[in-house]
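Derivation of every value follows stated rules applied to the coordinates shown; laboratory data play no part. It should be emphasised that the depicted structure is a prediction, and the values quoted were computed from it without experimental measurement. Positions of Cβ are generated from backbone atoms using ideal geometry, with glycine treated the same way; all protein chains shown enter the neighbour counts.
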Amino acid sequence: MNTTLHWTQVYQTKAVDEVSWYQERPELSLAFIDQAHIARDAAIIDVGAGASTLVDHLVASGYTDITLLDLSEAALNTARARLGAVAAQLKWLVGDITSIALPQHRYDLWHDRAVFHFLTDPVQQERYVAQVRHAVKPGGHVIMATFAPDGPEQCSGLTTARYDAQTLHSIFGSGFELLSSTHEAHVTPWGNQQKFVYCYCRKEA
């Protein structure tokens, strides 16, 4: 399956608030970002940003160095249109997180809600972790959200991997300190529950 075409089709055929992962306000992501206590000019990358509203809230909170990455240019274009003139102040990257070229030690904070659990191949997972090691500054922050053990086995027609906090942390290895974790029962736009686990880690200095 061509995953780029898959996600482009999803975003071209569904409204932003019609996808299962939609959140009007991503409360847990914002709470963990607040917990990191980074400066307002710190470099943030949102992996799998799509058309998520997280960026709207980050901009409103005064963060100025934000990179949004997604496989689907259509999804990013939706966010661009919503943000209006402020979109020109942000950085937009279209590509596969397991292979796209990212600058070394560029980011103070890496955020991913619901990309990693679509990487079911161990090679893909290893490449993803290598990207985090490469792109996040020493001492930087990593916020990951994936389906929990009792979360969906499939999403948007794709098979998913499911994790508890310890298993997710073990994939990243000893170079990342697990500072905290929590669970979320996300309610989809049509009223179903999806169970997530959130992990907040710091990369070794």
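Once backbone amide H atoms are built at 1.01 Å from N, LEU179 has TYR200, CYS201, ARG202 as its partners under 5 Å, excluding neighbours fewer than 5 places away on the same chain.
For the chain, the extents of the C-alpha atoms along the principal axes are 43, 40, 29 Å, listed from largest to smallest. Name the residues of the stretch 116-133 whose amide N is less than 20 Å from a point 7 angstrom out from the Cα of GLN104 along the C-beta direction? Under cut-off, by backbone N: 127-133. Measuring nothing but alpha carbons in the stretch 149-205 and taking Rh as the Kirkwood radius, the Rg to Rh ratio lands at 1.05.
Think of the chain as a dipole: +1 on every Lys or Arg Cβ, -1 on every Asp or Glu Cβ, centred on the Cα centre; then among ALA75, GLY151, VAL86, VAL86 lies furthest on the positive end. Measuring between their Cα centroids, the stretch 27-48 and the stretch 152-173 lie 22 Å from each other. Projected label points at ARG40 and VAL94, each 7 Å from Cα along the beta carbon direction, are separated by 3.3 nanometres. Evaluating 6.51 cos²θ - 1.76 cosθ + 1.60 at θ = phi - 60° for every residue in the stretch 63-79, the Karplus couplings come out as 6, 10, 10, 10, 10, 10, 10, 7, 5, 9, 5, 4, 5, 5, 5, 5, 5 Hz, glycine and proline recorded as x.
Taking every C-alpha pair closer than 8 Å and separated by at least 6 residues, the mean separation divided by the residue count of the chain gives a relative contact order of 19 percent. For TRP92, the residues 5 or more places off, or on other chains, whose built amide H falls under 5 Å of its own are LEU68. For the pair VAL187 and ALA130, the difference between a 0.36 nm per residue extended length and the Cα-Cα distance amounts to 17.3 nm.
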